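Here the structure is laid out as structure tokens; the discussion comes afterwards.
The values are calculated or read from the model by the stated rules, or taken from the named source; none is laboratory data. Fair warning: this is a prediction, and the values are worked out from it, not measured in the lab. Ideal geometry is used to build each Cβ from the backbone, glycine not excepted, and the neighbour counts take in all protein chains shown. All accessible areas refer to the heavy atoms of the entire protein, side chains included, with ligands and DNA or RNA removed. Shrake-Rupley method; radii C 1.70, N 1.55, O 1.52, S 1.80 Å.
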Amino acid sequence: MEISSIWIKKLVWSLWVTRRELITNPQHRVFPKFGSMKAFSAINSTNSCLPNTHFLKVPIFHPFFRFNPFGHAANRAHKLPFTISCKLKSSDVENKGKSVSQKIILSEASSPLLTEDDGTNGDTGDVPQSSKKKKGGPFGLLNMLRRKTLQILSSLPLAIADMFAAAALMALGTIIEQGEAPDFYFQKYPEDDPVFGFFTWRWILALGFDHMFSSPVFLGVLALLGASLLACTYTTQLPLITVSRRWSFLHSAEAIRKQEFSESLPRSSIQDVGTLLMGSGYEVFLKGPSLYAFKGLAGRLAPVGVHIALLLVMAGGTVSAAGSFRGSVTVPQGLNFVVGDVLVPSGFLSSPTEAFNTEIHVNRFYMDYYESGEVSQFYTDLSLRNMDGKEVMRKTISVNDPLRYGGITIYQTDWSISALQILKDNEGPYNLAMAPLQINGDKKLFGTFLPVGDINSPDVKGISMLARDLQSIVLYDKEGKFVGVRRPNSKLPINIDGSDIVIVDAIGSSGLDLKTDPGVPVVYAGFGALMITTCISYLSHSQIWALQDGTTVVIGGKTNRAKMEFPEEMNLLLDKVPEIVESTLSKQADSISGSLMD
């Protein structure tokens, strides 16, 4: 039906007058739910130019009356927008002589209800003051700061700079000796001879580089890198996943032809294309003449997994650096020690456990040797006892075979000889303490001294005994001349300066390292997840759109990886699409046109 310009002007004028009457007459601002038609007659009486039937057909009055004369049919979203410009006669000074443009949208959908604030802002359609307040104020400032912070943290240059800074600090931590006493750094990095002309012990102690991996500088860099990963995940990766899971149909052939790959299939059916895509592993969605398909969604999820894995590795490393205990001890065979007396906290997160009250007893220490006589492996038989003296665990440890109990790990790391047990002229046994002797290279040598004669003499002399390991002892007289070699437990005496000496036993000492590392499981989980998600991230996420345009199927697609292989895959797939013969072509066109009409 053609609408004349005169009728449109009358309609706008009636609407304007009606609204002015509602504003000036408070009794007309709130209407009943129309058990009667009094309100209709009231408006009709002031707007005689508008027929009664138009009130029931134009849903523009729904916000005023909260009345839906068409029932459920009013919810259909069929809109007819048009714009009318005219001069409105109003008593307002600001509107005199001005052309006010209004846009009238005729829609069967329900419009929002009016509140008492509606119409109080003048007739020019100004934005309510409450809306303006929501955009500004403290909440608006906080939202702006949040967006700006996320934008800075999620930037790629910042993440790369953080990673380089963390790598540089870790490299520096391997160069600078860790955990030494301050006197060590005073001597190694003196102020009168600084490294690179400026680096002295003051830098090391002030920045905490003597315990690099728990220093505030290193932990701060890790925290910044973690925040950058979280921001990137929140602002980039999660929205990509959300978009990838949507059924994003394209309803125009031009949009499909703009994809990385596009092709037209004359005399083809979109149902056949969907069937072939399903056979190739695609998830296919069909809506009327439009088709959407995708596969490899795990490739989109993998970057989020990579970020989570990196966060796990950093979190585990931080807990290990700032929440662990470490200690070393050398224990002779037959003696014991308490775990809590050896372990020292390494950071502010360190907290002792009940296992720190465990007593460890060294039952036996022994070695294995190569045929050349070199030490091949050394072992320590340990017993763990609670405070009541009851044995709770026993194990023989060796290098690369530690003992784990209550979150505490005990490693076999070193050995020494603590004492020689001898008989002198069938008297004893005497225990002679062995001391390590400094020699060139990494060879070990231990020695002891048995005085002969007056031990209070300032020029006392005696028998010297040297040992490289626990299997042989070399003896020298008081003049320093070689006398012979004896094996422990051989019970063969040797006469030196008139005394018979028997080597009963060589008592070894076990060098043990103890530590608690609560972050190790987290680090292992992070590295495992990192390897898996990195492999998954190489999977391609491919998307395909298709549209039935008459008897032609327009198809296009794109992928985030495998850019060269994707066109080849699509060509092989499209070669299998069957061609519709003439006899069925007309039937298919009729069915498509029928579906479009519906």
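Could you identify the single residue in V460, V522, V504, V483 that is touching a Pro at 6+ places or on another chain (Cβ under 7 Å) and in contact (Cβ under 8 Å) with a residue 12 or more places away in the chain?
V504
Which of (1) open to solvent by 30 Å² or more (accessible area, probe 1.4 Å); (2) over 22 Å from V331 (Cα atoms) is the odd one out, the single condition V502 does not satisfy?
(1)
On the basis of being surrounded by fewer than 19 Cβ atoms within 10 Å (Cβ to Cβ), in contact with an Asp or Glu (Cβ under 9 Å, 6 or more places away or on another chain), within 30 Å of M393 (Cβ to Cβ) and not β-branched (V, I, T), does D414 make the cut?
yes
Among strands (runs of 3 or more DSSP E) lying entirely in the range 285-395, which contain 3 or more residues that are touching a residue at least 40 places away in the same chain (Cβ under 8 Å) and either of a type outside the set (A, V, I, L, M, F, W, C) or open to solvent by 60 Å² or more (accessible area, probe 1.4 Å) (or both)?
Of the strands (runs of 3 or more DSSP E) lying wholly inside the range 285-395, those with at least 3 residues that are touching a residue at least 40 places away in the same chain (Cβ under 8 Å) and either of a type outside the set (A, V, I, L, M, F, W, C) or open to solvent by 60 Å² or more (accessible area, probe 1.4 Å) (or both) span 290-295, 325-332.
Would you pick out the residues in the range 434-446 that are modelled with pLDDT of 90 or more and either open to solvent by less than 70 Å² (accessible area, probe 1.4 Å) or at positive phi (or both)?
M434, A435, L445, F446
Please verify whether the range 219-230 includes one or more residues that are touching a residue at least 40 places away in the same chain (Cβ under 8 Å), open to solvent by 40 Å² or more (accessible area, probe 1.4 Å) and assigned to a helix (DSSP H, G or I).
Within the range 219-230, one or more residues are touching a residue at least 40 places away in the same chain (Cβ under 8 Å), open to solvent by 40 Å² or more (accessible area, probe 1.4 Å) and assigned to a helix (DSSP H, G or I).
Among the residues of the range 202-216, count how many are assigned to a helix (DSSP H, G or I) and open to solvent by less than 50 Å² (accessible area, probe 1.4 Å).
Selection size over the range 202-216: 5.
The rows are residues; the columns are (1) in contact (Cβ under 8 Å) with a residue 12 or more places away in the chain; (2) within 30 Å of S155 (Cβ to Cβ); (3) open to solvent by less than 40 Å² (accessible area, probe 1.4 Å).
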position: T233; (1), (2), (3): yes, yes, yes
position: T236; (1), (2), (3): yes, yes, no
position: L240; (1), (2), (3): yes, yes, no
position: E260; (1), (2), (3): yes, yes, no
position: L265; (1), (2), (3): yes, no, yes
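Quick one: in the range 166-190, of everything that is open to solvent by less than 40 Å² (accessible area, probe 1.4 Å) and under 30 Å from T236 (Cβ atoms), which residue is nearest to the chain's Cα centre (by Cα)?
Taking the candidates together, the pick is A166.
Condition check: open to solvent by 60 Å² or more (accessible area, probe 1.4 Å) and within 30 Å of L384 (Cβ to Cβ). Does N431 satisfy that?
Yes: the conditions hold for N431.
Tell me whether the range 447-465 contains one or more residues that are at pLDDT 90 or above, surrounded by 13 or more Cβ atoms within 10 Å (Cβ to Cβ) and closer than 30 Å to K395 by Cβ.
no
Would you be able to tell me the number of residues in the range 552-575 that are modelled with pLDDT of 90 or more, under 26 Å from S252 (Cβ atoms) and not in a strand (DSSP E or B)?
Summing the residues that are modelled with pLDDT of 90 or more, under 26 Å from S252 (Cβ atoms) and not in a strand (DSSP E or B) in the range 552-575 gives 8.
Only residues that are among the hydroxyl-bearing types (S, T, Y) and either open to solvent by 90 Å² or more (accessible area, probe 1.4 Å) or farther than 29 Å from F337 by Cβ (or both): list them for the range 511-540, please.
Once the filter is applied, which keeps residues that are among the hydroxyl-bearing types (S, T, Y) and either open to solvent by 90 Å² or more (accessible area, probe 1.4 Å) or farther than 29 Å from F337 by Cβ (or both), the range 511-540 yields Y524, T533, T534, S537, Y538, S540.
Going by the conditions given, is T413 of a type in the set (S, T, Y), within 17 Å of V375 (Cβ to Cβ) and in a strand (DSSP E or B)?
Yes.
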